Amino acid sequence: MRGPSAETLLDLWERGLDHAPMSRNLMLLRASAPEATREELEHWSVGRRDAALLDLRAQVFGEVLQALASCPSCGERLEIELDVDDLRVAGAGAGAAAKDGPRHDWSGGGYRVSFRAPDSTDLEAIAAETDPVTAEHALFERCAIRIEKDGRDLTPGDLTEEAARAVSDAMEAVDPGADLRLRLACPGCSHRWEATLDIGSFLWRELGAWAARALHEVHVLASAYGWSEREILGLGAVRRRTYLELVSE
């Protein structure tokens, strides 16, 4: 599938500068799925959303990601190369939107819980929460549809800690790809740890770096040849680079 044009990407970057990260994710998603409305995209499950953003990243910048990480033990900086195919999770991106998708059930310890997968509106609602435990509880409360035991309806706060943890694990299991975790090892001190890849934020930073380069190229070529921004952005990357080399001679 062909990705968005350079002109579309530059417009998207400019419009997203004043938006919060969650809104930027949805703007990127619109570039990946232009036939969907914003409301529909808001209620895609997080796994489905991130699978689409991974596909968009591959279309625009290629299949290989270059990233940096710092070892939490010794502080050494690691250069990481990731393949998009290795990040794709089987089953991610399938199914309906979280809001209108299937109810999932978990039972154990006498409890029966119905829930749905989290979506972007849920993450936005808890974005300001700095305590991970509080944020997890808030997310659970938003996504729990019904909780019962012995024929009585209960609230999320009525669950035991063990049951709440089990339901949270079940929520992760029904939405593959919602939490992209990388297993990293430090070559300096051999420390091993896991890090989460936020593909939306990663892609937005890449888009910002690309936009800066693209605007510089437009400036140079417009100054040299008098072409418009649209004409320059309409050139393929190879031809644009060739003209830049000619200008620098």
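Extending 7 Å from Cα along the Cβ direction at THR8 and again at ALA224 yields two label points whose distance is 2.8 nm.
Expressed in Å, the radius of gyration and Dmax of the Cα atoms of the stretch 115-249 are 24.9, 81.
For a 4.7 Å threshold on C-beta separation, the list of partnerless cysteines in the chain reads CYS143.
Each label was represented as a point 7 Å from its Cα along the Cα-to-Cβ direction; for VAL238 and HIS19 these points are 3.3 nm apart. A Förster distance of 25 Å, applied to the separation of the beta-carbon atoms of THR130 and ALA185, puts the FRET efficiency at 0.30. For the stretch 9-16, the Karplus equation 6.51 cos²θ - 1.76 cosθ + 1.60, evaluated at θ = phi - 60°, returns couplings of 5, 5, 5, 4, 4, 5, 5, x Hz by residue, with Gly and Pro reported as x. Between SER107 and LEU78, the contour length at 0.36 nm per residue exceeds the alpha carbon distance by 6.2 nm.
Calculated from the structure, mean projected area of the Cα convex hull in nm² equals which of (1) 15.2; (2) 17.1; (3) 13.7? It is the one labelled (2).
The residues neighbouring LEU159, those whose beta-carbon lies less than 12 Å from its own, together hold a net charge of -2 under the Lys/Arg +1, Asp/Glu -1 convention.
Over the chain, what is the relative contact order in percent, taking alpha-carbon pairs closer than 8 angstrom and at least six residues apart?
Values: 305 pairs, mean separation 50.5, N = 249.
Relative contact order of the chain: 20 percent.
Values quoted throughout were computed directly from the atomic coordinates according to the rules given, and no laboratory measurement underlies them. Predicted, not measured: the structure shown is a model, and the values here were computed from it. All Cβ positions, glycine included, derive from the backbone under ideal geometry; neighbour counts span all protein chains shown.
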